[in-house]
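The values are calculated or read from the model by the stated rules, or taken from the named source; none is laboratory data. Not measured: the values here are computed from a predicted model. Neighbour counts are summed over all protein chains in view; Cβ atoms, including those assigned to glycine, are modelled from backbone coordinates with ideal geometry.
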Amino acid sequence: MKLMVVGGGGREHALIKKLRENPRVTEIYALPGNGGISYDATCVPIAATDLDGITQFAQSHEIDFAVVAPDDPLVLGAVDRLAEVGIPAFGPRANAAIIEGSKVFSKNLMKKYHIPTAEYEVFTDPMAAEDYIEAKNRFPVVIKADGLALGKGVLIAQTMEEAREALHTIMTDKIFGKSGNSVVVEEFLTGPEVSVLAFTDGETMIPMVSSMDHKRAMDGDQGLNTGGMGTIAPNPYYTPEIARECMETIFLPTMKAMNAEGRTFRGCLYFGLMLTPNGPKVIEYNCRFGDPETQVVLPLLKSDLLTIMEATAEGRLKEVPVEFSDENACCVVLASGGYPTKYEKGLPISGLTDGNVPGALVYHAGTALKDGQLVTSGGRVLGVTATAPSLPQAIDAAYAAAKQITFPAMQMRHDIGQRALKALKSDQGV
Ligand code: AMP
Ligand code: GLY
């Protein structure tokens, strides 16, 4: 089978490594992939958002199955376009990807179908939004741009002044472009965050092992929000009891709501949850695998990924086994100095042999090959994942492997998994 994976980050590398385990797979093309991914797939310089390029490539190379991983091509309709030319693909159609593509859509969906989420109002006029926040006078308040914003469209204002500034940035300065034509103003929730990715074909919903992202740049959850500096799985806050509650009050109702709207979701649906004192609530939906959640979830998947993806795309997910190991995984992200703001690219990476180190899985997020030498090419450069029977062992193994790798001005967090360990200890009464 010839596969095509659209995207070029650490998540796509994790998908490719897992898909390769199936002996039916003879070739994987990554569009565009990256330097490190080229050890595992044939990289083709076509951008993930170039739907014409993607469709033409898939046709001319007789691709048997495609996986569209990032949010933007999904929201733009990459899966629809591939279907038009008869190429089966894993991922939601555009009419379902809107669950991530528009926060106004997803908030209204949750309200209509009584799915627990933060209270909110939608505004297209910055003055009206300002009046509402002033009248409510409850801080912090959360202000979200409606559309895709590279994961940066959420601003948390501690004061009225900050709220005004946030509204101005999103709606008047339009730093996220058209994404800021509408905003969601919502209540600030508190509690541990959990990421749950789930396979669904609109009939069956199979949550994967839970995980915990670490979004801030610095140790102790300080610094700016990033795309994610590390992850662990499973997430100890997500107990079997909470999992049952989420299935009943969030996961299945979301699947059914999308069906009822004529927007059946087939693919990986990502639930960003907050376990609030009033129960689990949805912070956000994503229409795709999370990054870097995928880098800890897929290493724990025991079943064959390609088989699951084909069954999901064909609407027969209930027929295939989806099993996870009961081990733990930890992924530490090695980032460029200065990320998430300004950073240098093209710096040589040392410590890797053919893109790998012993004792871990190395997922390439932002690397390029220059004259046979791996160099940095993005903010997040590598994700180093280890699996082990216990969380402390997985954390130690991931950091031991990460230590073998260096590049100038390398930046990482040193406390990935520490919050989860505290939760485990307090659970055991320590
Ligand atoms: P998002 O881009 O939607 O994932 O939001 C980024 C981060 O903002 C989330 O991971 C949360 O930590 C935080 N956040 C978003 N919405 C809320 C909310 N209603 N209350 C508290 N924190 C929030
Ligand atoms: N790790 C969060 C995301 O993929 O959006």
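Selection of segment 304-343 for residues being without any contact (Cβ under 8 Å) to a residue 40 or more places away in the chain and of a type in the set (A, V, I, L, M) yields only VAL320.
On the given criteria, is THR239 in contact (Cβ under 8 Å) with a residue 12 or more places away in the chain and either of a type outside the set (Lys, Arg) or more than 15 Å from ligand 1 (Cβ to nearest atom) (or both)?
Against the criterion (in contact (Cβ under 8 Å) with a residue 12 or more places away in the chain and either of a type outside the set (Lys, Arg) or more than 15 Å from ligand 1 (Cβ to nearest atom) (or both)), THR239 does not qualify.
Just one of the listed residues (ILE63, ILE98) is modelled with pLDDT of 95 or more, among the hydrophobic types (A, V, I, L, M, F, W, C) and under 23 Å from GLY33 (Cβ atoms), namely ILE63.
Restricting to segment 202-227, name every residue that is under 20 Å from ILE99 (Cβ atoms) and either within 13 Å of ligand 2 (Cβ to nearest atom) or not hydrophobic (A, V, I, L, M, F, W, C) (or both). Steps first, please.
Going through segment 202-227, the residues under 20 Å from ILE99 (Cβ atoms) turn out to be 202-208, 210-211, 213, 227.
Once the filter is applied, which keeps residues that are under 20 Å from ILE99 (Cβ atoms) and either within 13 Å of ligand 2 (Cβ to nearest atom) or not hydrophobic (A, V, I, L, M, F, W, C) (or both), segment 202-227 yields GLY202, GLU203, THR204, PRO207, SER210, SER211, ASP213, GLY227.
Kindly indicate whether any position in segment 163-176 is under 29 Å from GLU248 (Cβ atoms), β-branched (Val, Ile, Thr) and either buried (at least 20 other Cβ atoms within 10 Å of the Cβ) or modelled with pLDDT of 95 or more (or both). Among the residues of segment 163-176, not one is under 29 Å from GLU248 (Cβ atoms), β-branched (Val, Ile, Thr) and either buried (at least 20 other Cβ atoms within 10 Å of the Cβ) or modelled with pLDDT of 95 or more (or both), which makes the answer no. Of all the numbered requirements in (1) buried (at least 18 other Cβ atoms within 10 Å of the Cβ); (2) away from ligand 2 (no atom under 16 Å from the Cβ), ILE232 misses one, and that requirement is (2). Applying the condition of being within 13 Å of ligand 1 (Cβ to nearest atom) and more than 19 Å from SER106 (Cα to Cα) to segment 278-301 and asking which residue is nearest to the chain's Cα centre (by Cα) yields ASP291. Given the condition in contact (Cβ under 8 Å) with a residue 40 or more places away in the chain, under 30 Å from ALA66 (Cβ atoms) and touching a Pro at 6+ places or on another chain (Cβ under 8 Å), answer yes or no: does some residue in segment 385-405 qualify? Yes. Of the residues in segment 311-329, at least one is crowded, with 24+ Cβ neighbours inside 10 Å and either within 28 Å of MET412 (Cα to Cα) or small (Gly, Ala, Ser) (or both). The numbered conditions (1) more than 15 Å from the chain's Cα centre (by Cα); (2) surrounded by fewer than 17 Cβ atoms within 10 Å (Cβ to Cβ); (3) within 14 Å of ligand 2 (Cβ to nearest atom) are all true for GLU248 except (3). Restricting segment 45-62 to residues that are within 25 Å of the chain's Cα centre (by Cα) and not in a helix (DSSP H, G or I) leaves a set whose member that is surrounded by the most Cβ atoms within 10 Å (Cβ to Cβ) is ALA48.
I'm trying to understand the selection: among the residues of segment 206-222, which are more than 16 Å from GLY272 (Cβ to Cβ) and buried (at least 16 other Cβ atoms within 10 Å of the Cβ)? Answer for segment 206-222, where residues must be more than 16 Å from GLY272 (Cβ to Cβ) and buried (at least 16 other Cβ atoms within 10 Å of the Cβ): ILE206, ALA217. In segment 277-300, of all residues being within 16 Å of ligand 2 (Cβ to nearest atom), aliphatic (A, V, I, L, M) and closer than 21 Å to GLU21 by Cβ, the one that is surrounded by the fewest Cβ atoms within 10 Å (Cβ to Cβ) corresponds to LEU298. Condition check for THR307 on (1) among the β-branched types (Val, Ile, Thr); (2) surrounded by fewer than 17 Cβ atoms within 10 Å (Cβ to Cβ); (3) within 16 Å of ligand 2 (Cβ to nearest atom): one failure, at (3).
Look at segment 149-162: where a residue is in a loop (DSSP other than H, G, I, E, B) and a partner is modelled with pLDDT of 95 or more and aromatic (Phe, Trp, Tyr), sitting 6+ places away or on another chain with Cβ atoms under 7 Å, you get GLN158/PHE139; THR159/PHE139.
Restricting attention to segment 137-181, the residues being more than 22 Å from LYS215 (Cβ to Cβ) and within 16 Å of ligand 2 (Cβ to nearest atom) number 0.
Give the residue that is farthest from ILE395 (Cα to Cα), with candidates limited to residues of segment 335-366 that are surrounded by 24 or more Cβ atoms within 10 Å (Cβ to Cβ) and in contact with a helix residue (DSSP H, G or I) (Cβ under 9 Å, 6 or more places away or on another chain). Across segment 335-366, the extreme among qualifying residues is GLY366.
Name the single residue that is nearest to ligand 2 (Cβ to nearest atom) among those in segment 251-276 being of a type outside the set (A, V, I, L, M), part of a strand (DSSP E or B) and within 19 Å of THR312 (Cβ to Cβ).
TYR270
The residues of segment 94-104 that are buried (at least 18 other Cβ atoms within 10 Å of the Cβ) and not charged (D, E, K, R), listed by number, are ALA94, ALA96, ALA97, ILE98, ILE99, GLY101, SER102, VAL104. In segment 170-248, counting only strands (runs of 3 or more DSSP E) that sit wholly within it, the ones holding 2 or more residues that are within 25 Å of ILE308 (Cα to Cα) span 193-200, 205-207, 230-233. In segment 109-120, is there at least one residue being crowded, with 20+ Cβ neighbours inside 10 Å, of a type outside the set (Phe, Trp, Tyr), on the phi < 0 side of the Ramachandran plot and within 20 Å of the chain's Cα centre (by Cα)? Yes, segment 109-120 has at least one match.
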